[in-house]
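Peer 1: So that we are looking at the same thing, I have put the structure below in structure tokens.
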Amino acid sequence: MELSALQKSRYAYEPKLPANLSGDVSEIALKTGEATTSVADEADLRALFKKTFGRPVVSFIKGHNEKINRPLTVAVILSGGQAPGGHNVIAGLYDGLKKGNAASRLLGFLGGPSGLVDGKYVEMTGDFIADYRNTGGFDIIGSGRTKIETPEQFAAALETAKKLNLDAVVIIGGDDSNTNAALLAEYFLAQNSKVQVIGCPKTIDGDLKNEHIEASFGFDTACKTYSELIGNIERDANSAKKYWHFIKLMGRAASHIALECALQTQPNVCLVSEEVDEKKLSLSQVVDQICSSIIKRAENKENFGVVLIPEGLVEFIPEVKALIDELNDTIALHEKEFGGLSSFIDQIYWLSRNISGPSYELIQSLPPDIAKEFLMDRDPHGNVQVSRIETEKLLIGMVEKRLAKLEKENIYRGKFSALAHFFGYEGRCAFPSNFDADYCYSLGFGAFVLIASGLTGYISNVKNLALPASQWVAGGVPLTMMMNMEQRHGSKKPVIKKALVELEGAPFKAFDAARENWAAKTCYLFPGAIQYFGPPEVCDQPTKTLLLEHSGR
């Protein structure tokens with residue numbers, strides 16, 4: 001297969017490691033802190049995680065580590081949606097294992113967690129991994145969304161681990177996947193198994209973060225990829241001077257991507273779901289916010305602009321959330337009856353007799369194509385597939401109606417023409433930025449040190465990420481430390497707490513201070529393509545979010 005010039009060049013890139021992971025691996029020792037607790041629900045979590053709860057945070061220091069040079073057999077799993085840099089986590093893990101002992105082996109379970117349950121794997125060699133270093137995607141072994149949750153699945157996972165004589169399993173994933181890692185670590189210990197479990201923090205959404213996990217990998221690359229596209233659209237809008245671009249961005253539970261892209265590109269409007277939720281803004285008020293910018297810009301003869309919309313926005317608007325909740329409950333209760341309705345008109349008529357008046361009025365007020373998206377096939381849990389609701393088109397339709405009314409009232413005198421975009425998959429498998437390439441390699445190498453040091457139930461972490469890579473500090477955090485209990489499918493479950501945008505945090509405050517100016521004036525920034533070659537201030541910069549979060553430290 002012929003390779004692109006960039007592929008060839010990226011294969012040759014040598015990721016940078018933190019100082020405490022550099023040098024002779026036999027001189028990397030552990031420094032342990034005090035016992036930890038959980039985010040909340042300590043008593044419940046202590047009862048569920050009798051073997052692993054309360055373990056200390058660890059960091060790596062120079063010293064003798066008698067365990068680190070023993071031969072190990074480790075398996076790795078890619079879990080959940082793709083994120084740039086996953087291949088480098090595996091490369092860092094492999095290189096660490098081989099530096100520890102040339103006889104160590106790395107296996108890769110195929111297709112996500114189901115590979116562990118079903119015993120489907122491939123052995124990774126240096127030549128095999130060489131074709132994936134510093135590249136995007138999860139295609140090295142594939143990913144999957146299977147959750148290991150039934151007694152049969154846990155037993156099958158243990159049987160596979162025993163059969164392969166594994167010393168450890170590394171799970172690369174988001175909050176749900178790392179919750180699964182914590183449960184698996186606890187189960188193996190309860191079964192007197194030697195198999196350790198270590199997690200790595202992945203998700204482009206950026207919502208797996210806390211005081212110890214400063215960023216989830218892939219967020220940097222995805223935001224830079226989307227920001228390039230947004231900047232291109234801004235320049236096009238400023239050139240043509242005739243379109244309003246409504247751009248939906250990935251991020252269902254949190255608006256970190258939308259906020260970061262706003263900081264990088266300075267659009268006219270950026271909606272933040274957490275603010276909508278905090279202020280209990282109605283759909284009408286959200287539309288008013290957009291129309292306010294359109295009217296101000298029209299007064300300056302600028303009938304163009306850019307609006308950024310987080311993917312999960314509709315779930316944070318009170319009356320839309322109420323509608324979604326009612327649809328989920330009502331359709332689940334009458335699944336066969338509703339499933340037998342042959343047309344959209346029949347479905348709407350049926351809803352008129354089965355949901356509340358306000359919810360019925362709302363779904364009737366939506367453009368028919370959008371209303372249908374609320375009623376299409378449900379997800380595996382019977383819920384509305386929110387990610388498939390075209391919020392960008394919904395807002396365009398409502399803005400058009402509002403502006404037409406304002407035009408009749410002689411309040412608006414502009415021209416409004418809109419285009420809709422959704423940037424999602426475009427960012428999940430991009431070539432990782434130098435930051436993500438270095439960060440992921442460090443996470444993988446750190447996972448090796450945690451395993452070699454005999455730890456289980458930990459997630460690999462790297463701190464000081466706003467500084468150059470040589471000043472990063474690698475270590476490990478107990479997974480239970482990041483957990484609380486949440487209501488999931490009718491019962492309380494242990495989960496790693498998602499990190500939402502903090503309205504009192506430095507990134508949102510910086511955005512809030514500037515957005516009124518952006519709404520009226522053309523202040524666009526054009527980040528351009530991700531740069532891999534050149535000075536560090538161009539190629540190795542972390543996200544605006546990280547820089548702002550560290551600015552007050």
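Peer 1: Mind listing just one residue for me: the one in region 192-208 that is surrounded by fewer than 24 Cβ atoms within 10 Å (Cβ to Cβ) and touching a residue at least 12 places away in the same chain (Cβ under 8 Å) and, of those, nearest to Leu450 (Cα to Cα)?
Peer 2: Top of the filtered list is Lys194.
Peer 1: On to the next question. Quickly run through region 521-534 and pick out the residues that are crowded, with 18+ Cβ neighbours inside 10 Å and closer than 10 Å to Pro267 by Cα.
Peer 2: Residue satisfying the conditions is Tyr524 alone.
Peer 1: Then there's this: Can you pull out the strands (runs of 3 or more DSSP E) entirely within region 451-550 that have at least 2 residues that are modelled with pLDDT under 95?
Peer 2: Filter on region 451-550 gives 483-488, 491-496.
Peer 1: Can I ask one more? Looking only at region 292-311, how many residues end up being crowded, with 23+ Cβ neighbours inside 10 Å and either over 31 Å from the mean Cα position of the chain (by Cα) or part of a helix (DSSP H, G or I) (or both)?
Peer 2: Looking only at that region, the number is 1.
Peer 1: How many residues does region 167-193 contain that are within 23 Å of Arg105 (Cα to Cα) and of a type in the set (Asp, Glu)?
Peer 2: 1
Peer 1: From the list Lys301, Lys321, Lys372, Lys279, which one is among the basic types (Lys, Arg) and touching a Phe, Trp or Tyr at 6+ places or on another chain (Cβ under 7 Å)?
Peer 2: Lys372
Peer 1: Does region 250-267 hold any residues that are part of a helix (DSSP H, G or I) and either surrounded by fewer than 24 Cβ atoms within 10 Å (Cβ to Cβ) or not charged (D, E, K, R) (or both), and which are they?
Peer 2: His256, Ile257, Ala258, Leu259, Cys261, Ala262, Leu263, Gln264, Thr265
Peer 1: Something else about it: Would you check which residues across region 349-389 are farther than 16 Å from Ala332 by Cα, surrounded by fewer than 18 Cβ atoms within 10 Å (Cβ to Cβ) and not hydroxyl-bearing (Ser, Thr, Tyr) and list them?
Peer 2: Those that are farther than 16 Å from Ala332 by Cα, surrounded by fewer than 18 Cβ atoms within 10 Å (Cβ to Cβ) and not hydroxyl-bearing (Ser, Thr, Tyr): Gly357, Pro358, Glu361, Gln364, Pro367, Pro368, Asp369, Lys372, Arg388.
Peer 1: Hey, which of the strands (runs of 3 or more DSSP E) in region 1-120, taking only ones fully inside, have at least 1 residues that are modelled with pLDDT of 95 or more and β-branched (Val, Ile, Thr)?
Peer 2: Qualifying strands (runs of 3 or more DSSP E): 28-32, 58-62, 73-78.
The values are calculated or read from the model by the stated rules, or taken from the named source; none is laboratory data. No experiment lies behind these values; they were computed from the predicted model shown. Neighbour counts are summed over all protein chains in view; Cβ atoms, including those assigned to glycine, are modelled from backbone coordinates with ideal geometry.
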